[in-house]
Amino acid sequence: MSGPHADAPRPLPGESARIADLADNLGAWRIVSGVLLLVGAVVLGLFVRTRALTALDQSVLAWFISVRTPALTAFMQAVTSVFAPRTAILGTLVIGVVIGAATRSWRLGVYIPGTMALSSLATVVVKLGIERIRPAMPERLVVELTASYPSGHTTAAASLAMAAAVVVLAA
């Protein structure tokens, strides 16, 4: 063999077919749409640091505080704790094991926990870049030490819903 790729390792038998199958299953549109969503989150993150949006955010916060009741606060704290990092990790691992066992497919079993892990990683990276501060302590329902945008709880809920929909459609 000669030419620029003479030293390149030869694929194992069937390896190129597996790579082609993976590319077909992933689809370029899924990868492009994921990258576009991530870029959109970053652009939106830069926008949330503007004075106009911060003022709007403060007025929305003031309205929520004005309608806060003990029952609503307890409900929102329960929802918040369900999507807290530790609970979400444990829950998705359990869901993954159950789905893997029920479908006898390790791929479907890993899909939801993998999706949640990747979305959490993306959230952490974007938070480091945006660094949007949280409201003052008296207005918060829970103590969080990271930046407020993007919301880890919202990302976890959306990732779980989308990954679950994909698993249901694939099963």
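The values are calculated or read from the model by the stated rules, or taken from the named source; none is laboratory data. Bear in mind that the values here come from a model prediction, so they are computed numbers and not experimental data. Glycine also receives a Cβ, built like all others from the backbone with ideal geometry; neighbour counts cover every protein chain displayed. Accessible surface areas use protein heavy atoms only, side chains included; no ligands, DNA or RNA. Shrake-Rupley method; radii C 1.70, N 1.55, O 1.52, S 1.80 Å.
Values computed for the structure shown
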item	result
Area of Trp63 that stays accessible when all protein chains are in place (1.4 Å probe, Å², to 10)	140
Over region 41-127, equivalent-ellipsoid semi-axes from the Cα gyration tensor in Å	34, 20, 8
Surface accessible to a 1.4 Å probe, per residue, for the residues of region 49-108, Å²	78
Surface accessible to a 1.4 Å probe, Leu56 within the full protein complex, Å²	100
Stretch gain in nm, segment Val94-Phe64, where the contour uses 0.36 nm per residue and the Cα spacing is subtracted	7.4 nm
With every protein chain in place, region 27-116: carbon and sulfur % of accessible area (1.4 Å)	76
Ordering of 43-54, 98-109 by burial proxy (mean other Cβ atoms within 10 Å per residue, highest first)	98-109, 43-54
Förster radius 22 Å - calculated FRET efficiency between Arg51 and Leu72, Cβ distance, rounded to 0.05	0.15
